[in-house]
Amino acid sequence: MSDTTDNISASETDFPGTERQFDRAIAECRDIYAAKLRDYGPSWRLMRPTAVTDQILIKADRIRSLETKGESRVDEPVEDAFRAMVNYGIIGLIQLQLGYSDTKDISVEEAMRLYDLHMGRTRAVMLAKNHDYNEAWRKMRVSSYTDMILMKLMRTKEIEDHQGHTEVSEGVDANYQDIINYSIFGLIKLAEQKEGK
């Protein structure tokens, strides 16, 4: 993890167990991101942020469909969709920072550095909100995380349709960060369910 966590260290957090769980989920997502970079390079640099938002929407819709139908015809665990939303959220933040490109214009190393930068910032947001809300997310169902993500996506699409202009609302970047954090909460909860906690 990079040093971009806004000076929040393990000794300063109120919930070190949550921090460890969060970091484990981040590591899983980062490993997938790195593997795909080795396979394809940063081909996602061609995606406009609106396309990234739509990719996250597809994953969230699939999770909600599985939750409501209770069955899957494709052998892809729900956890994979949550991990994909984490990684697309980071890609969205990178695209907002750099703008989209017509080529794979950054190196794999730079793509990893930017991942760590934006994940560090997103992690810091989670730790701050977790302190203020006293781990309220633990009382929620995984299906509620899905609904919250879908709501954030609808908000993001509205902001995008208005060319990023808002009157009182947070921007697209804050919505991406919230989507990443809700996805990580989902991964933590699903892991706990498997472990029988």
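The values are calculated or read from the model by the stated rules, or taken from the named source; none is laboratory data. Here the structure is a predicted model, which means the values were calculated and not measured. Methodologically, a virtual Cβ is constructed for each residue, glycine included, from the backbone with ideal geometry; neighbour enumeration extends over all protein chains shown. The accessibility values were calculated without ligands, DNA or RNA, using every heavy atom of the protein model including side chains. Shrake-Rupley method; radii C 1.70, N 1.55, O 1.52, S 1.80 Å.
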Inset, instruction - Any residue in the stretch 170-191 that's over 21 Å from Gln95 (Cα atoms): show its pairings with residues that are open to solvent by 20 Å² or more (accessible area, probe 1.4 Å) and acidic (Asp, Glu) at Cβ separation under 9 Å, as long as the two are six or more apart or on different chains. - result: Gly186/Glu79; Leu187/Glu28; Leu187/Glu79; Leu190/Glu79; Ala191/Glu79
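Keeping to the stretch 85-100, report how many residues are closer than 14 Å to Ala51 by Cβ and open to solvent by less than 20 Å² (accessible area, probe 1.4 Å). If you could, list the steps in order and put the result at the bottom.
From the stretch 85-100, those closer than 14 Å to Ala51 by Cβ are 88-89, 91-92, 94-96, 99-100; that's our starting set.
Retained after the next criterion (residues that are open to solvent by less than 20 Å² (accessible area, probe 1.4 Å)): 89, 91-92, 94-95.
Residues flagged as closer than 14 Å to Ala51 by Cβ and open to solvent by less than 20 Å² (accessible area, probe 1.4 Å) within the stretch 85-100 amount to 5.
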Inset, instruction - Give the number of residues within the stretch 68-83 that are open to solvent by less than 20 Å² (accessible area, probe 1.4 Å) and aliphatic (A, V, I, L, M). - result: 1
Inset, instruction - Please specify each residue of the stretch 32-69 satisfying the condition of being closer than 22 Å to Arg113 by Cα, without any contact (Cβ under 8 Å) to a residue 60 or more places away in the chain and under 14 Å from the mean Cα position of the chain (by Cα). - result: Ile32, Val52
Legend entry - Options Lys152, Lys139; residue that is of a type in the set (Lys, Arg) and more than 18 Å from the chain's Cα centre (by Cα): Lys139
Inset, instruction - Determine, yes or no, whether Ala128 is at pLDDT 95 or above, surrounded by 13 or more Cβ atoms within 10 Å (Cβ to Cβ) and small (Gly, Ala, Ser). - result: no
Legend entry - The one condition in (1) at pLDDT below 95; (2) outside any loop (DSSP other than H, G, I, E, B) that Asp14 fails to fulfil: (2)
Inset, instruction - Provide a single number: the residues in the stretch 99-131 that are free of Cβ contacts under 8 Å to residues at least 12 places away in the same chain and farther than 14 Å from Leu37 by Cα. - result: 1
